[in-house]
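Down below is the structure, laid out as structure tokens.
The values are calculated or read from the model by the stated rules, or taken from the named source; none is laboratory data. None of these values were measured; they are calculated from a predicted model. Cβ placement follows ideal geometry from the backbone for every residue including glycine, while neighbour counts extend to all protein chains displayed. Quick note on the areas: whole protein, heavy atoms, side chains included, nothing else; ligands and nucleic acids left out. Shrake-Rupley method; radii C 1.70, N 1.55, O 1.52, S 1.80 Å.
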Amino acid sequence: MASKVQTSPDEFRDHISTVDEHGKRVWVYPKKPKGKLYDYRKWVSYGLLTLLFVGPFIKINGLPLLMLNVVERKFVIFGVLFWPQDFFILVLAFLALVVFIILFTVVYGRLFCGWVCPQTIFLEMVFRRIEYLIEGDYTKQRALDKMPWNTEKILKKGSKTVVFLLISFIIANTFLAYIIGIDALKQIVTDNPMNHLGGLSAIVVFTGVFYWVFAYFREQVCTIVCPYGRLQGVMLDKKSLTVAYDYGRGEPRGKFRKGQERTEGDCIDCHQCVQVCPTGIDIRNGAQQLECINCTACIDACNDIMRLIDKPEGLIRYDSEEAIAEGKSWKLFTPRVMGYSAVLALLLLALSALLIIRDNAEATILRTPGQLYQKTEQGTVKNLYNISVINKTNTEMPLTLKLLSSDGTIKVVGNELVLPAQGIAEGVFFAEIPKEQLTGMNSEIEIGVFHNDELITTQETKFLAPAK
Ligand code: SF4
Ligand code: SF4
């Protein structure tokens, strides 16, 4: 629990809980949580961690499940390859994601932070549990930190550092696998290190960053850095679901006295909810505090107390501010939710349509700079072109080119065009069209790019000819 000096009832809203009045960090020693919701969260985290670590090994049609290669500007989402040329689809997908996040947050508050966010899962379900295992519960951790450096402290702190570094190293490799792909990562690990100095440096830097975040920076990510956390104030309203204290039932709080009839509210001021809080706040100060990541540890802690004093569970529970204030039940559908849902549905529809009509390849055909046209003895006109084709699949494709807008022929200069898997093919070709088919000095022609007689993409370009 963080120690705090409070000067007014609302003073806690003036600064974050982990910074004292002198601006210094207050280290949070949360009590080890336990309870039904904590157990559910453990199971959810096992599933998500398995998905995260197995993800880089899963391939769909030879392509990764997810790869965000910002270095080579190549993105694979659910086995579908996107190039910078697909930028508009990615922008639409990003917009749909933003609307989804807003919609989800308006309805379910910070459910994501408590149950799904990788920061919470790694910190609370991996690093913190290892810390409890090595250093003991919060009182022992505090005592260990105050202790002078002796054998016990060196052993405990040393072994924790080694385990934390090892896990950070595994996370760093997984993170890199999502950027460059598992095959490139395997090469870095197995090949001569001198050939992969950049990749190896990235692993070292990522390991250091993850270690620093989970060993030192911790809840500050949620309270200071995370933009999603900072935006809660504008996304949540009184109807949003949140972890809330039922002050109507709990106040006035007062100590529990065994055998005496209770005249106060149900809160016995035992501070168990505060002691388990990983961000060092008191949920009784009010719902929707900036630091609350909705981790549910205080719900479990309070339910334990309620059972002990023979009161109904749920003094702290998932509910909306409005429902707590008015004693109403929480509502899922509000006009704002329906409005966002309509926008989200439209965006998803547009996104699906773009994905369905998206070509497997994309060609750029431009007249070769500095070249005019050639007249032939057979009464045709020739133009020289440069072609560049991008493959958005994982299959190699030999290509043929055909004129679609008029009769005529196309002759590729040099070798046949072969489009490598996930790669780019570049070449030069002549388009030859009978003079009588040309409408003017600068006509528009359409060229089809075929693979095995199947039209995979088309491109329009200009064709120059002499005046008639
Ligand atoms: S755990 Fe429950 S009873 Fe104890 S202080 Fe918190 S709200 Fe009150
Ligand atoms: S107030 Fe409760 S739900 Fe919020 S962060 Fe603290 S323990 Fe978790």
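Figures for the structure shown
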quantity	calculated
Residues satisfying the stated conditions in region 226-253, i.e. closer than 30 Å to I180 by Cβ and within 16 Å of ligand 2 (Cβ to nearest atom)	C226, Y228, G229
Filtered residues of region 418-467 (kept if aliphatic (A, V, I, L, M) and buried (at least 18 other Cβ atoms within 10 Å of the Cβ))	L419, A425, A431, I433, L438, I445, I447, V449, I456, A465
Residue match in region 331-353 (condition: open to solvent by less than 70 Å² (accessible area, probe 1.4 Å) and at pLDDT 90 or above)	no
Single residue of V213, V221, V234 found to be surrounded by fewer than 18 Cβ atoms within 10 Å (Cβ to Cβ), in contact with a helix residue (DSSP H, G or I) (Cβ under 8 Å, 6 or more places away or on another chain) and part of a helix (DSSP H, G or I)	V221
Criterion (modelled with pLDDT of 95 or more, surrounded by 15 or more Cβ atoms within 10 Å (Cβ to Cβ) and among the β-branched types (V, I, T)) met by exactly one of I188, I180, I203	I203
Count of region 254-268 residues which are surrounded by fewer than 21 Cβ atoms within 10 Å (Cβ to Cβ) and within 16 Å of ligand 2 (Cβ to nearest atom)	0
G314 being over 19 Å from R257 (Cα atoms), outside any helix (DSSP H, G or I), within 11 Å of ligand 1 (Cβ to nearest atom) and assigned by TED's automatic domain parsing to the domain that holds I268	yes
Pairs, first of a type in the set (V, I, T) in region 216-240, second not in a helix (DSSP H, G or I), C-beta under 8 Å, six or more apart	T223/I16; T223/S17; T223/T18; T223/T279; T223/L290; T223/E291; I224/I16
Helices (runs of 4 or more DSSP H) wholly inside region 48-134 containing at least 2 residues that are touching a Cys at 6+ places or on another chain (Cβ under 9 Å), in the same structural domain as C277 (by TED's automatic domain parsing) and open to solvent by less than 30 Å² (accessible area, probe 1.4 Å)	111-115, 118-122
Given (1) away from ligand 1 (no atom under 15 Å from the Cβ); (2) modelled with pLDDT of 90 or more, index of the condition R249 fails	(1)
Single match in S443, S388 (criterion: within 30 Å of E72 (Cα to Cα) and out of contact with any helix residue (DSSP H, G or I) (no Cβ under 8 Å at 6 or more places or on another chain))	S388
Test set (1) among the hydroxyl-bearing types (S, T, Y); (2) within 14 Å of ligand 1 (Cβ to nearest atom); (3) open to solvent by 10 Å² or more (accessible area, probe 1.4 Å) - T296 fails condition number	(3)
Number of the condition not met by T279 [criteria: (1) away from ligand 1 (no atom under 16 Å from the Cβ); (2) more than 30 Å from H451 (Cβ to Cβ); (3) surrounded by 13 or more Cβ atoms within 10 Å (Cβ to Cβ); (4) among the hydroxyl-bearing types (S, T, Y)]	(1)
Enumeration of residues in region 269-288 that are near ligand 2 (Cβ under 10 Å from one of its atoms) and of a type in the set (D, E)	D282
Unmet criterion (only one of (1) of a type outside the set (D, E, K, R); (2) modelled with pLDDT under 90; (3) in a helix (DSSP H, G or I)) for A287	(3)
Lone unmet requirement of (1) within 28 Å of the chain's Cα centre (by Cα); (2) more than 25 Å from E124 (Cβ to Cβ) for Q288	(2)
